[in-house]
Amino acid sequence: MAAIRFLYRRLTAVLLAALLALLALTACGGGTTSTPSGSAAQTTAAEATRHTVVDMSGNSVQVPTLPKRIVTNYPAVTQIIFLLGAIERQVGVTETNLTTLPLFKKIYPPLAAKTAVFGTDTTTVNTEVLLAQKPDLVFLTSGNETLRKTITDLGIPALDVASFPNSDKLKDGVTFIADVLGGNAPERAKKFTEFYDGALKRAAEGTKDIPDAKRPKIYYTANDPLSTDASKTIAEVWARQGGGVAITENSGVEGTAKSVTLESVFAWNPDYIICRDHSTCEKILKDDRWSTVAAVRNNHVITNPRGAFVWAARSAESALQPLWVAKTLHPDRFADVDIAKEIKNFYTTFYNYNLTDAEVDGILSPTQP
């Protein structure tokens, strides 16, 4: 019996030593390949779904690598998101996107069902409605720090987008938005830039030899007959691109929707009046005080085309504006340019929509608003 007890104690000691050795090996990381929760590997994977971007105001903002729920207070940006093939990811818009621009809603009916987060003034936000959309990020018009703070204080990333004062900034804006959207949006942005550059080159080639003294003078109306987008805006840029000159050049009037006097318009005596809105053209033509202006006398009061967005005012369809202006001001120089064909090509390429001839006519001669 004593021998048996001795053997039992020896066996127990050996087993205990083996168990202790195994425990020590495990503690040192041997014998296991499992990764505990919260490890560096998992953290790296999580961080890969977000990255930092610098917006068009220079703010560094962390955003999802592929945002799925987007809101904007910038009606033109909604149209750009559509052009970039990501409109299904937009969950919040401005009231303007829902109450105007009927062609946009026609070629993309789901737009009418989007949620209005911002009012028509683009600065009034319903924070409860915004939070209910659970947005990944919000694109904002640049220059409104109060609105930006309101959004970021809710814990939502906000990115500033420039107001597109010229063609280069507009192209930069489309490229920036595309890079934030990810997916195939950057490829579509590149195609858009190529289209825009091609239109600009054709307009420039046909107008480069026209001296200022021979360029038709253009007065562009914004909110009403005595409101204009003047110097340092895209309206002044496309006037030159199309072979004309804005009457506000070197006038001291700068910025968008700036008020001018009727006496100033009389002194400028524009050859063409291009109205953002059809209703403004009608007001001018019905007001006898305008009858002495050259543009009115010569029947050169024209409503600017508008499609998914008005071409003249900071939208991606501004890519169509220079050739239309050139063809309007200098038809003999651009006899080979078929504007209807250009429009159909743009809509097929970027909206995957085949316009009818009647729809093209509606774009070129809009009656709303």
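The values are calculated or read from the model by the stated rules, or taken from the named source; none is laboratory data. Keep in mind that this is a model prediction, so the values were computed, not measured. Counting neighbours? That spans all protein chains shown, and the Cβs are built from the backbone with ideal geometry, glycine included. Heads up: the accessible areas ignore ligands, DNA and RNA and are worked out on the full protein's heavy atoms, side chains in. Shrake-Rupley method; radii C 1.70, N 1.55, O 1.52, S 1.80 Å.
Screening residue 116 against (1) open to solvent by 60 Å² or more (accessible area, probe 1.4 Å); (2) in contact with a Leu (Cβ under 7 Å, 6 or more places away or on another chain) leaves a single unmet condition, (1). Residues that are in a loop (DSSP other than H, G, I, E, B) and closer than 26 Å to residue 364 by Cα are absent from the stretch 258-268 altogether. Residue 2 meets the stated requirement of being aliphatic (A, V, I, L, M), surrounded by fewer than 11 Cβ atoms within 10 Å (Cβ to Cβ), modelled with pLDDT under 50 and more than 30 Å from residue 137 (Cα to Cα).
When residue 279 is tested against (1) in a helix (DSSP H, G or I); (2) free of Cβ contacts under 8 Å to residues at least 40 places away in the same chain, only condition (2) is not met.
Restricting attention to the stretch 314-361, which residues are of a type in the set (Ser, Thr, Tyr) and under 24 Å from the mean Cα position of the chain (by Cα)? Listed by number, the residues that qualify are 315, 318, 347, 348, 349, 351, 353.
Looking at 243, 255, just one residue is touching a residue at least 60 places away in the same chain (Cβ under 8 Å) and of a type in the set (Gly, Ala, Ser), and that residue is 243.
Note on the stretch 289-351: enclosed helices (runs of 4 or more DSSP H) holding 1 or more residues that are of a type in the set (Asp, Glu) and open to solvent by 10 Å² or more (accessible area, probe 1.4 Å) are 339-351.
Within the group 356, 367, which residue is farther than 22 Å from residue 189 by Cα, open to solvent by 20 Å² or more (accessible area, probe 1.4 Å), modelled with pLDDT under 95 and β-branched (Val, Ile, Thr)?
Result of the check over 356, 367: 367.
Among helices (runs of 4 or more DSSP H) entirely within the stretch 122-216, having at least 1 residues that are open to solvent by less than 30 Å² (accessible area, probe 1.4 Å), in contact with a helix residue (DSSP H, G or I) (Cβ under 8 Å, 6 or more places away or on another chain) and closer than 29 Å to residue 270 by Cβ singles out 167-181, 185-207. Which one is most open to solvent (accessible area, probe 1.4 Å), of the residues in the stretch 272-288 that are under 25 Å from residue 307 (Cβ atoms) and out of contact with any strand residue (DSSP E or B) (no Cβ under 8 Å at 6 or more places or on another chain)? Going through the qualifying residues, I end up with 283. Quick one: is residue 269 surrounded by fewer than 23 Cβ atoms within 10 Å (Cβ to Cβ) and more than 17 Å from residue 301 (Cα to Cα)? No; evaluated as a whole, the condition is false for this residue. Residue 249 meets all of the listed conditions (1) within 29 Å of the chain's Cα centre (by Cα); (2) assigned to a loop (DSSP other than H, G, I, E, B); (3) surrounded by 17 or more Cβ atoms within 10 Å (Cβ to Cβ) but one, namely (3).
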